[in-house]
Amino acid sequence: MTGRHMAMPEWLERDDLPARPWTVEEGEARRGEAFTNLITHRMRVPLGSDETSRCIRAHELMHAKVSPVEVVIPDSHAHIAHETVVVAEEFRVNMLTGLAGFPVMTHLADGSERRTGERMAESLDWNGLVHMVGATSGTKSYNDLLAGVRKVRPEWVRPLRKLSLAIKRHWRGATDNETNMDFVTSTIIVDGVPEGWYFTLEVARILHRALRSSTEFDESNAPDLANLDDSSPVGDARWGRLIELPIQRTRRVDGRIGRRKRPSIMGRNPRHIERLLTDPERRIFERRDRGNGGVVLIDQSGSMRLTDVDLWKIIEAAPGCVVIGYSHAPGTDDKPNIWVIAERGHVAERVPSGNLGNGVDAPALRFALRKRRTGEPLIWVCDGCVTDEFDQFRENLTDECATLVATNGIHQVPDVDHAIAALSRAGRGESLRAAAIGPIATSDAWRSRVP
């Protein structure tokens, strides 16, 4: 089969692009030959029946399924080079291709990787190897690449393996459940790019930290990657600065909100004497009730999302509640990271999107506590993985959140469905006790305060 071919597989439909025919060209099964162009809808792939050709075709089809039309680097990642972001996307696509069932660990290689590793090691091209690790991790090419490096500079193999383990660890953390996987593969547009692109940007951040200038390591030794897993600047870990996003809450919930009158068998002034004759329960007094309230704080980071449908399910469960979302853009100090979506019957038209990271968990909890009225429950929707301003896990910040949860009776739940169930219980008069999940529940601070 040669020449140009038209294809329009239905499984390549996306949320951000209309379905269109693809022009497919036949190419060879070697590195740099295959490509996918989402602007022109052209693709070049090997058309052979061997496993390597199948893996390359699957890889390019995955690009067509999830990759953005163009490489966009937001201000929060502006220090990262274009090439680093490109190879980070190769890592995402390789991992997704393997997850789809293609044998990338045994067949995605063209035989040139061993010589490439030797050549880069001979020329001391450390940064080139970092990029190659990003582009090949999770495939057979990676093992062949390191075999070549080991022949020339064996001391470089260990730090390169550490780099591969770091980005794979990030992959595992971001795909540990179905919801997270939906985020990594999502083509819903958020701030101008497919949502899954933010996973790629975080992989690029890890790769960027492994890059070195020519003066940063001795040619006779391996570069030091001791701080590879630490993306914070030198100093104590801290939260991001809390910045509220003003939202117009133009939608109004029905009359169940606020104070309302109800007949009662108890009271001071018998306002409805006529009920002695018409009401079997003789409810001649009157009392005023508030509609169901409470405060719901929702982590809207990359691993957790809130939809408009979710919001209205919460409102239905507690019409008078306050709903607050939060999410911090790692490394920024001027982007809004918290927003009040609903407040006492006034609701926003749409749910703002998150900013990828957590970053402000404890400040957001304190913000929510200020919104809580006496006796109301405060429900925190979060998996318990709180992070600093650079979206890195810090034990001391986890302890801080655990203390806030324990001492303020905050009820932590893993998702919106559990929040709705908790609100329903509170509406029936049940008291919601302090509860924690994930790393919050296993922290020393939580264990020391809750029996």
Checklist outcome for this item: For region 13-69 the number of residues that are farther than 20 Å from residue 105 by Cα, in contact (Cβ under 8 Å) with a residue 40 or more places away in the chain and touching a Gly at 6+ places or on another chain (Cβ under 7 Å) is 1
Checklist outcome for this item: In region 69-113, anything charged (D, E, K, R) and assigned to a helix (DSSP H, G or I) is listed as 75, 83, 89, 90, 92, 113
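Does region 160-170 include one or more residues that are closer than 25 Å to residue 306 by Cβ, assigned by TED's automatic domain parsing to the domain that holds residue 64 and under 22 Å from the mean Cα position of the chain (by Cα)? Walk me through it before giving the result.
In the first step, residues of region 160-170 are kept if they are closer than 25 Å to residue 306 by Cβ; the result is 170.
After this cut, where a residue has to be assigned by TED's automatic domain parsing to the domain that holds residue 64 as well, the list is 170.
Within this subset, residues satisfying the condition of being under 22 Å from the mean Cα position of the chain (by Cα) are 170.
Yes, region 160-170 contains at least one residue that is closer than 25 Å to residue 306 by Cβ, assigned by TED's automatic domain parsing to the domain that holds residue 64 and under 22 Å from the mean Cα position of the chain (by Cα).
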Checklist entry - Since residue 107 meets every condition but one in (1) modelled with pLDDT of 95 or more; (2) of a type outside the set (D, E, K, R); (3) over 24 Å from residue 182 (Cβ atoms), which condition does it not meet? => result (1)
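So which of 96, 108 is over 22 Å from the mean Cα position of the chain (by Cα), farther than 30 Å from residue 333 by Cβ and crowded, with 22+ Cβ neighbours inside 10 Å? Walk me through how you get there before you give the answer.
Numbers: 96 fails: over 22 Å from the mean Cα position of the chain (by Cα).
Exactly one of 96, 108 is over 22 Å from the mean Cα position of the chain (by Cα), farther than 30 Å from residue 333 by Cβ and crowded, with 22+ Cβ neighbours inside 10 Å, namely 108.
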Checklist entry - In this structure, does residue 332 turn out to be closer than 18 Å to residue 302 by Cβ, not charged (D, E, K, R) and not in a strand (DSSP E or B)? => result yes
Checklist entry - Of all residues in region 357-391, which are aliphatic (A, V, I, L, M) and either touching a strand residue (DSSP E or B) at 6+ places or on another chain (Cβ under 8 Å) or without any contact (Cβ under 8 Å) to a residue 24 or more places away in the chain (or both)? => result 360, 364, 365, 368, 369, 378, 379, 381, 386
Checklist entry - Do we have any residue at all in region 122-137 that's surrounded by fewer than 22 Cβ atoms within 10 Å (Cβ to Cβ), modelled with pLDDT under 90 and outside any loop (DSSP other than H, G, I, E, B)? => result no
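Any chance you could count how many residues in region 19-52 are polar (S, T, N, Q), surrounded by fewer than 19 Cβ atoms within 10 Å (Cβ to Cβ) and either in contact with a helix residue (DSSP H, G or I) (Cβ under 6 Å, 6 or more places away or on another chain) or not in a loop (DSSP other than H, G, I, E, B) (or both)?
Looking only at that region, the number is 2.
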Next on the checklist: Is it the case, given these coordinates, that residue 368 is part of a helix (DSSP H, G or I), under 17 Å from residue 238 (Cα atoms) and under 26 Å from the mean Cα position of the chain (by Cα)?
Outcome noted: no
Checklist entry - Among the candidates 260, 256, 251, which residue alone is modelled with pLDDT under 70 and in contact with a strand residue (DSSP E or B) (Cβ under 6 Å, 6 or more places away or on another chain)? => result 260
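The values are calculated or read from the model by the stated rules, or taken from the named source; none is laboratory data. The shown structure was predicted, so the numbers you read here are calculated from the model rather than taken from an experiment. Positions of Cβ are generated from backbone atoms using ideal geometry, with glycine treated the same way; all protein chains shown enter the neighbour counts.
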